[in-house]
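Inspection log for the structure reproduced underneath, given as structure tokens.
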Amino acid sequence: MRTLRRTWRLPSARISLAVLALVGLLAVAGGALAPHDPLAQHPVDMLHGPSAAHPLGTDYLGRDVLSRLLAGTGSSIVGALEAVGAAMLLGIVPGIASVWLGRTVEWTAQRAADTLMIMPFTVFAIAVVGALGNGVHQAMLALGVLFAPLYFRVTRAAALGLKQAQYVEAAELMGASRWWILRTHVWGKILPTVAVTTAQAVGQALLVVASLTFLGLGVQPPAPTWGGMLASDLGYLAQQPWAPLIPGAAIMITVGALNILADAVRDSGTAAGDPRVPARAPSIGTAAPVPSAGTTAAPAPVALPRQVPEREGESADPAASPPGPAPRTAHGHSEEVEQRVTTG
């Protein structure tokens, strides 16, 4: 919760959340908000520019571009969320299990993640669609499998650091179960990292979904999608050179808002995890801060007496001073000479 509060204080996070909220609204109710039927064809109105009846113009079949853009928001966003949801299920659970369930599970999970990371997204999705059939769920499942290593590595790295924490070791010594430790001490610390990864993964999945629909995979035409609109508009650049900018701008704005939100969550989590920085002491020549009402002023430092420098040839230690001249008698001779004469 502290990370969420810090994130909400950032202006960039609020702007990106507002953009994503608008995109979410269009994904849910875009078809109902469309002014025209997105599938209705009007050959008389083919390739018309923006007008009062068609604010964004019409395509090569006379269909309203604005209606198709609104109706295609839901299929594009839902496809990306479906792929990310599958990736979270296939990546987070093995990532945590590889830390707590021994070396055999750790080695097996790491080798599977390494194998999936070397596979290209589009080629693997085309292979899965060719094997299982051309459908949106098959394509999204293939994307989820390829996005799973991202969650696996991020979750595993966070869990490894937490397993060596002193409070986790103390809980294990006191007999706490693994499930209790994961629920109480581990998941709350991993959640901000998972949130950052999810925001970035949704943006990447949206780009891959647009690429697949651009190629005609997943959602079948004439169903509107952002990638499908982009593909159909490229064939009529001579008549409408600005037409591909409309679905391209929708993709760019959504992915940009997701990346900005991911950066804001990451910065907030880093700030929340840093220790408090002690107040800097006042420099020489500045007045000391005055305590506010209701607080106790700190005691002033006691000044130690300054040691007087000694003169040359003197020592502070009496025992270290050189011996003085020998005492003399009343006749002016020293006691040592007087004793020798007497004994002689």
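The values are calculated or read from the model by the stated rules, or taken from the named source; none is laboratory data. Bear in mind the structure is a predicted one, so any value in this text is a computation, not a measurement. Because the Cβ atoms are built from the backbone with ideal geometry, glycine has one as well, and the counts that use them run over all protein chains shown. What goes into the accessible areas is simple: the full protein's heavy atoms, side chains included, and nothing from ligands, DNA or RNA. Shrake-Rupley method; radii C 1.70, N 1.55, O 1.52, S 1.80 Å.
Select, from Ser12, Ser16, the only residue that is outside any loop (DSSP other than H, G, I, E, B), of a type in the set (Gly, Ala, Ser), open to solvent by less than 50 Å² (accessible area, probe 1.4 Å) and under 23 Å from Asp263 (Cβ atoms).
Ser16
Show the residue pairs that are 6+ apart or on different chains and have beta-carbon atoms under 7 Å apart, the first residue being within the stretch 208-231 and more than 17 Å from Pro244 (Cα to Cα), the second being acidic (Asp, Glu).
Partner pairs satisfying both residue conditions: none exist.
Give the number of residues within the stretch 158-174 that are open to solvent by less than 90 Å² (accessible area, probe 1.4 Å) and free of Cβ contacts under 8 Å to residues at least 24 places away in the same chain.
Adding up the residues that qualify gives 7.
I'm trying to understand the selection: among the residues of the stretch 150-176, which are within 22 Å of the chain's Cα centre (by Cα), under 15 Å from Gly188 (Cβ atoms) and hydrophobic (A, V, I, L, M, F, W, C)?
Ala158, Ala159, Leu162, Ala165
For Thr184, state whether it is more than 30 Å from His48 (Cα to Cα), part of a helix (DSSP H, G or I) and modelled with pLDDT under 85.
Considered against the rule, which asks whether it is more than 30 Å from His48 (Cα to Cα), part of a helix (DSSP H, G or I) and modelled with pLDDT under 85, Thr184 comes out as yes.
State all residues of the stretch 175-219 that are under 21 Å from Ala97 (Cβ atoms), aliphatic (A, V, I, L, M) and surrounded by fewer than 17 Cβ atoms within 10 Å (Cβ to Cβ); if no residue qualifies, say none.
Within the stretch 175-219, Ala176, Leu191 meet the criteria.
Go through (1) more than 39 Å from the chain's Cα centre (by Cα); (2) surrounded by fewer than 15 Cβ atoms within 10 Å (Cβ to Cβ); (3) of a type outside the set (Val, Ile, Thr) and name the single condition Arg2 misses.
Tallying (1) more than 39 Å from the chain's Cα centre (by Cα); (2) surrounded by fewer than 15 Cβ atoms within 10 Å (Cβ to Cβ); (3) of a type outside the set (Val, Ile, Thr), Arg2 fails exactly one: (1).
Mind checking which residues of the stretch 22-34 are open to solvent by 70 Å² or more (accessible area, probe 1.4 Å) and in contact with a helix residue (DSSP H, G or I) (Cβ under 6 Å, 6 or more places away or on another chain)?
Leu33
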